[in-house]
Amino acid sequence: MIGCEVAAATGQRAAGIVADGVVKVLLGAGYVAGHGWLGQRLGVPGWLPAVAGTALLVAGAVEWVLVRRRAEGTYIRLMIGYDAGWLLATFAGLVMA
């Protein structure tokens, strides 16, 4: 019975985890597809948006693949850590610019 409660809670939260993965995959695909144009607009080498897009694609795909294999708390901590790292990288880029 306890296992059913955990599965139900995970099922309710799974949509949010999948949605976060979808946003990351779409954004990453956009970065990779438009890396040349985006690099020109940002004044950086084209490989930089491609690498950032690849990181987003991988992170989103990992969320999709593991959505039913990990505990919800683990996902929340990983998403917070990933998003905080992305925020710090953005601030570092702004400072360097």
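Before anything else, pin down the relative contact order of the chain: Cα pairs under 8 Å, at least 6 apart, normalised by residue count, whole percent.
Working: 74 pairs, mean separation 28.8, N = 97.
Answer for the chain is 30 percent.
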Let me understand region 14-96 better: what is its radius of gyration from the alpha carbons, and its Dmax, in angstrom?
13.9, 41
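How large is the charge dipole for the chain, taken about the Cα centre, if only the Cβ atoms of Lys, Arg (+1) and Asp, Glu (-1) carry charge, to the nearest 20 debye?
100 debye
Values quoted throughout were computed directly from the atomic coordinates according to the rules given, and no laboratory measurement underlies them. The structure displayed is predicted, hence computed values, not measured ones. For neighbour counting, all protein chains shown are included, and Cβ atoms are generated from backbone atoms with ideal geometry for every residue, glycine included.
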